[in-house]
Amino acid sequence: PEMITVQELASRMAARAGDVVKALMKMGVMATITQSIDADTAELIVQEFGHRVKRVSESDVEIGLEGEVDDEEDLMVRPPVVTIMGHVDHGKTSLLDALRHTDVAAGEAGGITQHIGAYQITTARGQKITFIDTPGHAAFTAMRSRGASVTDIVVLVVAADDGVMPQTIEAISHAKAANVPMIVAINKMDKPGANPDRVRNELLQHEIVVESLGGDTQEIHVSALKRTGLEALEDAILVQAEVLDLKANPTRDAEGVVIESRLDRGRGPVATVLVQKGTLWTGDILVAGAEYGRVRALIDWNGQNVKTAGPSVPVEVLGLSAVPAAGETFTVVDDEPRAREVAEFRQRKLRDKAAAGAMAGRGTLDQMLA
Ligand code: GTP
Ligand code: MG
């Protein structure tokens, strides 16, 4: 049967191993933290700790967690999280910039500030949309390989004068593999060589059928340069979001994903995170991948200090012990000892993995020299 060590299970739940041992004892199961328990017992423990179990596969030891079970009445509509993808130079950044200008709130506050990897806009009608910039798709790929889904909708940018190119195809396969609905934004419509018909047909070859050809993929014509079609694109996103019926519980402890991270000279480790469930507060203790810390400050995409960040809100977090990797998930935990224990276990696991890799490397080198 599938087995998992007590320590590993505790780590996945961001719980203390000792508490898991105690819970097992209550169930009549005696196990030390290094001993393995079967998947059925693990499942009971996971439920006992208020999480929902997701077995990744029948044969796999993996017992993924989907977080605490939320009551239906706690769920509230949350803004869609949108990732803009497309071939190099097709205008992803320009389009993000143009959309940011449509932000009524930012307009009032005096416009653009610094770049962070994600931001939220408020449309003229008051709905919110979160956009994520994924340079080179690296973060998106990293997140997907870790099984974390960040984005609700992909906006595929295709330059009207260039058509479907290698990275367009790559983006299509990412979106398909992640099972994320796509909206096609045909950009650079202001250019003399713009040929949306060609784009439509090329997309067809990759099984993307736009509405005008009888399919169900929305197709919007835009010019990031001339700022045309932006409202239509926002509307398309909101229509898609409504179909998806996106909801989250804002009242629980926060959970989410690290979108990007860096070591800042003055401020120390800085992680841009996307809150997916619950609300993140300054003062919260969180574990992000193999790092942890108490949230010293939360800074929004306009560079403003904020006290909280709810579902679908991207925010910079200061106060972590070190820089967590992009794509890692984060969880708020009750106390610092628990955070430290979970982080230390995960660090040990990373080190063991690295050591195992080095050993394997040496093995092949030995063979080569033999
Ligand atoms: P990478 O991040 O390098 O992959 O590129 P990108 O997709 O972010 O493209 P970016 O926004 O940097 O735009 C590439 C070039 O196309 C720039 O010179 C833009 O000025 C130009 N461009 C972007 N959108 C438009 C548009 O709607 N019309 C015209 N004429 N030019 C555009
Ligand atoms: Mg760019």
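The values are calculated or read from the model by the stated rules, or taken from the named source; none is laboratory data. None of these values were measured; they are calculated from a predicted model. Note that each Cβ is placed from the backbone with ideal geometry, even for glycine, and that neighbours are counted across all protein chains shown. Heads up: the accessible areas ignore ligands, DNA and RNA and are worked out on the full protein's heavy atoms, side chains in. Shrake-Rupley method; radii C 1.70, N 1.55, O 1.52, S 1.80 Å.
Values for this structure:
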quantity	calculated
Point-to-point label distance, residue 169-residue 350, nm (Cα→Cβ direction, 7 Å offset)	3.6
Heavy atoms of residue 30 accessible to a 1.4 Å probe, total area in Å² rounded to 10	140
Solvent-accessible area per residue for segment 173-283 (1.4 angstrom probe, square angstrom)	49
Segment 172-244 - percent relative contact order, Cα under 8 Å, separation 6 or more	32
All-pairs alpha carbon distance profile, segment 261-322, 10 Å steps from 0, percent	24, 62, 14, 0
Equivalent ellipsoid semi-axes, segment 171-236, via Cα gyration tensor eigenvalues times 5, rooted, Å	20, 14, 11
Estimated translational D of segment 219-370 in µm²/s (Stokes, Kirkwood radius over Cα pairs; 4 °C; 1.567 mPa s)	72
Reachable lysines from residue 176, criterion Cα separation under 20 angstrom, eight or more residues apart if same chain	92
Accessible heavy-atom area order of 209, 21, 287, highest first, probe of 1.4 Å	209, 21, 287
Spin-label pair residue 75/residue 242, simplified geometry with 7 Å Cα→Cβ offset, distance in nm	1.9
Extension gain (nm, one decimal) between residue 263 and residue 206, 0.36 nm per residue minus Cα-Cα	16.5 nm
15 Å Cα-Cα reach of residue 307 towards aspartates and glutamates, excluding residues that sit fewer than 8 places from it in its own chain	253, 284, 316
